[in-house]
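Below is one structure; the comments refer to it alone.
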Amino acid sequence: MPSGWRCRDARAGAKALSVFSRVGQVEDIAAVIAFFASNEARWTTGQMIDATGGARIRSISTLRELYSHSNRVR
C-alpha cells in the first residue's frame with residue numbers, strides 16, 4: 001500500500017470511484033503529461049483534462065461520502 005494512504009478504507013473508496021476499479025499510479029499521470037509535452041498535442045489548447053480514472057463520472061453523493069469518511073479518520 002502506498003505510504004500516502006492513511007487507511008485501507010480510503011484506498012478502497014478511491015478504487016470504488018474509478019471506472020477502472022483501481023487506484024491511479026504515477027505512470028498514469030506521467031502518460032498524460034508526456035502526451036501534452038509531445039508534438040502530438042500541438043493542436044490542443046485550453047483544455048481541462050480529467051485524469052481521475054473516471055471518478056468524476058461517479059455520483060456527487062459518493063464523493064461526498066468518501067470525503068466525509070476520510071475527514072473522520074484523521
For this session: All but one of (1) modelled with pLDDT under 80; (2) outside any helix (DSSP H, G or I) hold for VAL23, so report the exception by its number.
Result: (1)
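Which of the residues belonging to segment 26-49 are in a helix (DSSP H, G or I) and either over 27 Å from GLU65 (Cβ atoms) or over 11 Å from the mean Cα position of the chain (by Cα) (or both)?
GLU27, ALA30, ALA31, VAL32, ILE33, ALA34, PHE35, PHE36, ALA37, ASN39, GLU40, ALA41
Give the residue, chosen from GLY13, GLY53, that is within 14 Å of the chain's Cα centre (by Cα), on the phi < 0 side of the Ramachandran plot and either modelled with pLDDT of 75 or more or among the acidic types (Asp, Glu) (or both). Steps first, please.
Numbers: GLY53 fails: on the phi < 0 side of the Ramachandran plot.
Just a single option satisfies the conditions, and that option is GLY13.
The values are calculated or read from the model by the stated rules, or taken from the named source; none is laboratory data. Everything numeric here is computed off the predicted structure, so don't read it as measured data. Here Cβ is always computed from backbone atoms with ideal geometry, including for glycine, and neighbour counts include all displayed protein chains.
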